[in-house]
Amino acid sequence: AIVHGGDWFNHPKVSNIIYNQHQRMLQKARAAGIPVYCVPGNHDLFGYSMSTIDQTSTGSLADAKLITLLTRDTPVLLTGKSGITVALYGREYSVDIDHNPTTDYQINMLKSKNNQPIQEHLLFSHGMLLDKPFHPDVRHTLTKDVITDADYVFNGHYHPGWKTHVLGNTTFINNGSTGRNEG
């Protein structure tokens, strides 16, 4: 599977030329049997509201069944050819994210399916989750303050990324944006 950390496009509604290029690429993934998931980011939404996703280019990709949106309300169980099952959770961007480190990155753990144990719980988030303090006027959450049952937390909002680190039983990962650059 492919999981995209959010901000599929730079704007909620992109030109048909750009949209069609992505559609063709995703059709190839679908034909190859590779599921593609996307956590909606702030650039995937109008007004930072999930209620607008159906009006956006990212929402159109989901409506065409080329991607599956991964949100708090839509966790997914995946079982690989080896029989290992992992749970994927999403934490989409919203105006409420990064207000409460005890709940913003918490998951409602899925139960096993058909008595198949879940080996790993993976949270993909699109918030301002950082490894060290940032500008005091920019709302953010420090990984050291996060309370979560996830084994891994992948974050896609902060483009420069930060060094992978383990706190308690959770590994925090943000290797930076591969499709966006600053400046």
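Regarding the range 127-134, can at least one residue be identified that is under 16 Å from the mean Cα position of the chain (by Cα), touching a residue at least 12 places away in the same chain (Cβ under 8 Å) and open to solvent by 20 Å² or more (accessible area, probe 1.4 Å)?
Among the residues of the range 127-134, at least one is under 16 Å from the mean Cα position of the chain (by Cα), touching a residue at least 12 places away in the same chain (Cβ under 8 Å) and open to solvent by 20 Å² or more (accessible area, probe 1.4 Å), which makes the answer yes.
Taking the range 94-111, which residues are open to solvent by 30 Å² or more (accessible area, probe 1.4 Å) and within 18 Å of residue 152 (Cα to Cα)?
Within the range 94-111, 101, 102, 103, 106, 108, 109, 110, 111 meet the criteria.
Taking the condition of being surrounded by fewer than 13 Cβ atoms within 10 Å (Cβ to Cβ), within 23 Å of residue 125 (Cα to Cα) and of a type outside the set (A, V, I, L, M), how many residues in the range 1-34 meet it?
Adding up the residues that qualify gives 1.
For the range 46-59, check the following and say yes or no: at least one residue is more than 24 Å from residue 177 (Cβ to Cβ), open to solvent by less than 50 Å² (accessible area, probe 1.4 Å), over 14 Å from the mean Cα position of the chain (by Cα) and touching a residue at least 40 places away in the same chain (Cβ under 8 Å).
Among the residues of the range 46-59, not one is more than 24 Å from residue 177 (Cβ to Cβ), open to solvent by less than 50 Å² (accessible area, probe 1.4 Å), over 14 Å from the mean Cα position of the chain (by Cα) and touching a residue at least 40 places away in the same chain (Cβ under 8 Å), which makes the answer no.
Report yes if some residue within the range 7-16 is of a type in the set (Asp, Glu) and either more than 23 Å from residue 159 (Cβ to Cβ) or modelled with pLDDT of 95 or more (or both); otherwise report no.
no
Can we say residue 90 is assigned to a loop (DSSP other than H, G, I, E, B) and in contact (Cβ under 8 Å) with a residue 24 or more places away in the chain?
no
Out of all the residues in the range 105-119, is one or more within 13 Å of residue 38 (Cα to Cα), in a loop (DSSP other than H, G, I, E, B) and at pLDDT 95 or above?
There is no residue in the range 105-119 that is within 13 Å of residue 38 (Cα to Cα), in a loop (DSSP other than H, G, I, E, B) and at pLDDT 95 or above.
Which condition number does residue 156 fail, the rest of (1) over 19 Å from residue 48 (Cβ atoms); (2) within 17 Å of the chain's Cα centre (by Cα); (3) of a type outside the set (A, V, I, L, M) being met?
Residue 156 satisfies every listed condition except (1).
May I ask you to say which residue of 28, 65 is assigned to a loop (DSSP other than H, G, I, E, B), over 20 Å from residue 158 (Cβ atoms), modelled with pLDDT of 95 or more and not aliphatic (A, V, I, L, M)? Please lay out each step first, then the result.
Numbers: 28 fails: assigned to a loop (DSSP other than H, G, I, E, B).
The match here is 65.
The values are calculated or read from the model by the stated rules, or taken from the named source; none is laboratory data. Please read these numbers as outputs of a predicted model, since none were measured by experiment. Cβ sites come from the backbone with ideal geometry, for glycine too, and all protein chains shown count toward neighbours. These area figures cover heavy atoms from the full protein model, side chains too; ligands, DNA and RNA do not enter into them. Shrake-Rupley method; radii C 1.70, N 1.55, O 1.52, S 1.80 Å.
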